[in-house]
Amino acid sequence: MEESLVPIYSRDLEYYIDDGNVILLVEATLFKVHRSMLMKDESVFCGMFSLPSENNFESSEASTIPVERSSMDGQSDESPIRLPEITASQFRALLWSLYALPADLVATAETQPQEHRFIDLATISHKYQFITMEKWALNTLVALYIHQGCAYDMLDRLTAVAVMCDYKPLLDIVLGQWRRSIGEGFGLLNAAEVFQRHGLHDLLGLTYLALLRKKRHEWPADNKHVIRLLNGYYNLVQECSSLPNTPPHFEHATTCTSAPRCGENWRKTWKRVIIEIHTGKLGKAAQVYRFDLPGQFSLALSVFQAIVDDSIPEHGGLDKMVKECRLNALDATRTKAKDVQGNLITYFSDL
């Protein structure tokens, strides 16, 4: 007769505490700790430990965290409270933050090699609603990286926790580093997967645009990405081709005496500048790819700014417009450029 397989769990070397009063199982590791420690900061554990013991599968209304409980759960190694969907490393980070001395917490927060611990801590604190702990962990990560970039292999994890916690200071740091990486053409295939996974569509669009500048053999092997790149190339070329005849709309100033004539001067100026961009007449330093819609808008914006500032000769008829209308046209171009960059992913459709 075949013997039944009995799962083998190991006790955590640091957080299986003799006088603890609850035993929890995370992955294949047993932890024995004090309930009172886990109930700090009005966390999910407060509700979990106050639930009546029943032999079923329950979830706290304040979270979507499943917990398996029975009449003997948490009283022995054979019947621990199981905490699924987290890692032992994450739970260990939480216990460290709850049990460590204040001096140890401060010293560790100032040491960059502990970055993985703070990512784990922010992740599990968010999941179990340790609000104060979550904010401290996130602020610590910001302090570690605000003056220096993180290692590239840390970006994915930092992005995940910044997006999950919706913490703008950390998100600004990691997105800034991603943008620099995209600009350098580094790690684009990995970046595309990260942005797809976390729903960062504006950066995904920029990544696809950067991939279009690469040779075909450097594209992702995934057909999904290839289809998007091919569609993006076609859509962007079409949009760029129509650009000379589609100047951004702007509101005429109250001092404008002839809106039709002013609008015509703007259209002439816009068309001339865009055609010069397309034909390379602005010089080699100002050359952009025929599909680079954001690049063409950025270059056009620089030219219009220089015209308004009288840094270069007037093009078309901008000098015939009143100053307020010129500034409004410049603002409209700036707004359109931001919209194009923010919605770049829409050109890379699946169909």
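Laboratory data are not the source of any read-out in this text; all were calculated from the coordinates shown. Bear in mind the structure is a predicted one, so any value in this text is a computation, not a measurement. Please note: Cβ atoms are built from the backbone with ideal geometry, for glycine as well, and neighbour counts cover all protein chains shown.
Taking 29 Å as the straight-line reach from the Cα of Lys224, the lysines in range (excluding those fewer than 8 positions away in the same chain) are Lys214, Lys215, Lys336, Lys338.
Mean sequence separation of contacting Cα pairs (under 8 Å, at least six apart), scaled by the length of the chain, corresponds to a relative contact order of 12 percent.
Backbone geometry of segment 30-39 corresponds, through the Karplus equation with coefficients 6.51, -1.76 and 1.60 at θ = phi - 60°, to 3J(HN,Hα) couplings of 9, 10, 10, 9, 9, 4, 4, 5, 6, 8 Hz, x marking Gly and Pro.
Select from Pro294, Pro102, Pro169 the residue whose mean-square fluctuation is largest in a Gaussian network model of the chain (Cα-Cα springs shorter than 10 Å). Per the Cα network of the chain with a 10 Å cutoff, Pro102 tops the list. From helices alone, the chain scores -17000 deg cm²/dmol at 222 nm; the rule is -39500 (n - 2.57) for each run of n ≥ 4 DSSP H residues, then divide by the residue total.
Would you compute the Debye intensity of the chain from its alpha-carbon atoms alone, equal scatterers and no solvent, and pass along log10 I(q)/I(0) at q = 0.07, 0.08, 0.15 Å⁻¹ to two decimals? Ignoring solvent entirely, the Cα scatterers give -0.50, -0.61, -1.18. DSSP bridge analysis restricted to the chain gives an antiparallel fraction near 65%, rounded to the nearest 5. Working from Cα positions, state the angle (0 to 90°, nearest 10) between the long axis of helix 201-212 and the longest principal axis of the chain. Between the helix axis and the principal axis of the chain, the angle is about 60 degrees.
Ranking Ser241, Leu318, Leu83 by how far each Cα lies toward the positive end of the dipole of the chain (charges on Cβ) leaves Leu318 at the top. Taking the inverse of the mean 1/r over every pair of distinct Cα atoms in segment 241-347 gives a Kirkwood hydrodynamic radius of 14.1 Å.
Calculated FRET efficiency, Asp331 to His116, Cβ-Cβ distance, R0 = 56 Å: about 0.80 to the nearest 0.05.
For the options Leu101, Leu206, Leu293, a Gaussian network treatment of the chain with springs between C-alpha atoms closer than 10 Å singles out Leu101 as fluctuating the most. Ordering 209-215, 220-226, 134-140 by mean Cβ neighbour count within 10 Å, with the highest value first, yields 134-140, 209-215, 220-226.
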